[in-house]
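The values are calculated or read from the model by the stated rules, or taken from the named source; none is laboratory data. Given the structure is predicted, the values throughout are model-derived calculations rather than measurements. Cβ atoms come from the backbone with ideal geometry, glycine included; neighbour counts cover every protein chain shown. What goes into the accessible areas is simple: the full protein's heavy atoms, side chains included, and nothing from ligands, DNA or RNA. Shrake-Rupley method; radii C 1.70, N 1.55, O 1.52, S 1.80 Å.
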Amino acid sequence: MIYNMEYETMPREALEAIQFKRLQATLERVYAMVPFYRNKFHEAGITPSDVRALSDLHCLPFTTKQDLRDNYPYGMFAVPMDNVVRIHASSGTTGKPTVVGYTARDIETWAELMARALASGGASRGDIIHNAYGYGLFTGGLGVHYGAEKLGASVIPISGGNTKRQIMIMKDFRPTILTCTPSYALHLGEVAQEMGVDFQGLHFKSGVFGAEPWSEEMRQEIERKLHLSAVDIYGLSEVLGPGVAVECIDAKNGLHIAEDHFIAEIIDPETGEVLPNGKRGELVFTSITKEAFPIIRYRTRDISMLHREPCICGRTHVRMSRVTGRTDDMLIIRGVNVFPSQIESVLMEMEGVEPHYQLVVDRKDNLDLLTVRVEVGEHIFSDEVRMLQTLERKISKNIKEFLGVSAKVKLVEPKTIERSEGKAKRVIDNRVL
Ligand code: DLL
């Protein structure tokens with residue numbers, strides 16, 4: 001179902017006219033209200049009136065995570081605190097979090113975009129949404145929650161954790177849509193099985209999963225184990241939270257970016273040069289309707305590409321391919337670039353291997369050593385040692401063949417690798433850089 005037919009299927013020309021008008025208003029706003037942007041524009045010798053067409057956006061300077069850190073906590077806000085009704089923060093693993101704010105109208109916009117996203121993932125008014133994204137500073141829980149209410153669905157604000165109780169609630173409350181990270185979805189499936197609950201007997205139709213990279217193979221695994229249709233949702237706190245882009249359940253082939261609210265670009269992460277459609281690079285976003293925390297040409301560090309071919313669902317908004325990883329997640333193993341999601345794809349193709357893995361990187365005698373720890377099913381683990389070694393060698397060979405990197409594979413017992421209730425931790429990098 002398309003939630004906002006007018007905007008989601010708008011002809012390109014009309015859409016771009018709206019984008020330009022909104023971009024101009026945003027530039028005026030940040031120039032007037034945020035000293036950081038005013039200074040940046042001055043340094044580049046630009047004022048908002050120099051931007052006379054959408055393509056002039058390319059002349060504006062980028063904004064980086066470091067800029068947000070330098071202006072911690074509220075320096076990037078474009079409205080007085082009186083007008084800020086909500087504060088969230090990104091889940092940074094190191095240092096201080098990135099703080100973002102929303103006006104009442106921003107919350108309204110976000111709810112609309114999340115209502116669109118849930119509809120795009122197969123939800124409608126009559127649905128019951130089991131929302132297992134974490135509620136709190138993380139944008140996942142509340143972002144989905146407001147969208148579900150806006151859509152008119154019933155939302156169960158279960159948040160992450162307390163997994164056994166979640167399964168009981170799923171049985172009793174009969175939710176039809178599941179929202180959580182893909183890794184937590186798998187964990188829910190696993191705990192249900194332990195409790196003797198078959199997802200086939202539950203009532204789910206679809207799931208809207210995101211907040212971390214996951215591969216196509218992982219989607220198939222989730223769909224098979226949880227008996228539902230899985231779509232990918234993308235977003236980041238700095239730009240909005242969940243709802244920046246989402247797949248449609250019709251095509252499941254790329255995520256439609258809400259282009260009436262954001263302008264997306266792909267750049268070469270090394271040179272900053274803007275890349276054409278179909279080329280892989282770093283995603284850059286400019287918000288064009290946000291009031292409290294507008295952002296201009298934000299370098300997300302997420303790797304993707306844009307496609308402009310029409311989609312069978314009828315939406316006219318550009319599609320981004322699933323995010324394969326972040327520039328700062330990319331492992332360089334003896335000079336070879338590897339994303340955890342590429343290893344995931346290789347693993348998921350192997351018979352008997354479970355979707356729970358971790359990459360450990362060490363440095364010995366100045367050489368990088370990559371160890372892939374991956375769980376195998378009970379039946380395989382109880383096989384002879386020789387069989388396990390054969391499988392380890394086979395996985396290692398496939399990784400070498402597909403990714404060109406040598407990895408030591410260590411098969412581990414079921415349930416050895418830590419389960420996450422939110423974003424999974426896939427990499428342990430022990431190198432001192
Ligand atoms: O993760 C917002 C969100 C919540 C998205 C719920 C989807 C669902 P942050 O905590 O600020 O916000 O983290 C943003 O997570 O830059 C990506 O690196 C990663 N990410 C988010 N969605 C996806 C996805 C939320 N579908 C960072 N695929 C982003 C891959 C994703 N990576």
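Of all the residues in the range 97-150, those that are open to solvent by 10 Å² or more (accessible area, probe 1.4 Å), under 25 Å from K252 (Cα atoms) and aliphatic (A, V, I, L, M) number 2.
Cβ-Cβ distances below 7 Å connect the following pairs, each with a first residue in the range 184-205 that is farther than 15 Å from E221 by Cβ and open to solvent by less than 30 Å² (accessible area, probe 1.4 Å), a second residue that is part of a loop (DSSP other than H, G, I, E, B) and of a type in the set (V, I, T), and a separation of six or more residues or different chains: F204/T176. Of the strands (runs of 3 or more DSSP E) lying entirely inside the range 260-307, those containing at least 2 residues that are small (G, A, S) are 281-287. Among the residues of the range 328-338, the one identified as closer than 29 Å to C248 by Cα and open to solvent by less than 50 Å² (accessible area, probe 1.4 Å) is V338. One residue stands out among those in the range 344-372 that are out of contact with any Lys or Arg (no Cβ under 6 Å at 6 or more places or on another chain), of a type in the set (D, E, K, R) and farther than 12 Å from E221 by Cβ: the one that is least open to solvent (accessible area, probe 1.4 Å), which is D362.
Yes or no: the range 418-430 includes at least one residue that is among the hydroxyl-bearing types (S, T, Y), modelled with pLDDT of 95 or more and either out of contact with any Gly (no Cβ under 6 Å at 6 or more places or on another chain) or not in a loop (DSSP other than H, G, I, E, B) (or both). No, the conditions are met nowhere in the range 418-430. Against the condition part of a helix (DSSP H, G or I), within 15 Å of the ligand (Cβ to nearest atom) and farther than 21 Å from S420 by Cβ, how does R105 come out, does it pass? No; evaluated as a whole, the condition is false for this residue.
Scanning the range 323-347 for residues that are over 14 Å from P213 (Cα atoms) and within 16 Å of the ligand (Cβ to nearest atom) turns up just one, L331. Residues that are surrounded by fewer than 20 Cβ atoms within 10 Å (Cβ to Cβ) and either touching a residue at least 60 places away in the same chain (Cβ under 8 Å) or out of contact with any Lys or Arg (no Cβ under 7 Å at 6 or more places or on another chain) (or both) within the range 373-386 comprise G377, E378, H379, I380, F381, S382, D383, E384, V385, R386, listed in sequence order.
Restrict the check to the range 127-135 and report whether at least one residue is over 24 Å from L151 (Cα atoms) and free of Cβ contacts under 8 Å to residues at least 40 places away in the same chain. Looking for residues that are over 24 Å from L151 (Cα atoms) and free of Cβ contacts under 8 Å to residues at least 40 places away in the same chain, one finds none in the range 127-135, hence no.
Annotation note: of K96, K65, the sole residue that is in contact with a Phe, Trp or Tyr (Cβ under 6 Å, 6 or more places away or on another chain) and at pLDDT below 95 is K96. E259 meets the conditions (1) in contact with a helix residue (DSSP H, G or I) (Cβ under 9 Å, 6 or more places away or on another chain); (2) closer than 30 Å to M168 by Cα; (3) away from the ligand (no atom under 16 Å from the Cβ) in every case but one. The failed one is (2). Only one entry in S321, S341 is open to solvent by less than 20 Å² (accessible area, probe 1.4 Å) and modelled with pLDDT under 95, namely S341.
Yes/no per residue for (1) touching an Asp or Glu at 6+ places or on another chain (Cβ under 8 Å); (2) within 18 Å of T286 (Cα to Cα); (3) of a type in the set (G, A, S):
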{"position": "E6", "(1), (2), (3)": "no, no, no"}
{"position": "E13", "(1), (2), (3)": "no, no, no"}
{"position": "R38", "(1), (2), (3)": "no, yes, no"}
{"position": "F41", "(1), (2), (3)": "no, yes, no"}
{"position": "G45", "(1), (2), (3)": "no, no, yes"}
{"position": "D50", "(1), (2), (3)": "yes, yes, no"}
{"position": "Y74", "(1), (2), (3)": "no, no, no"}
{"position": "I87", "(1), (2), (3)": "no, no, no"}
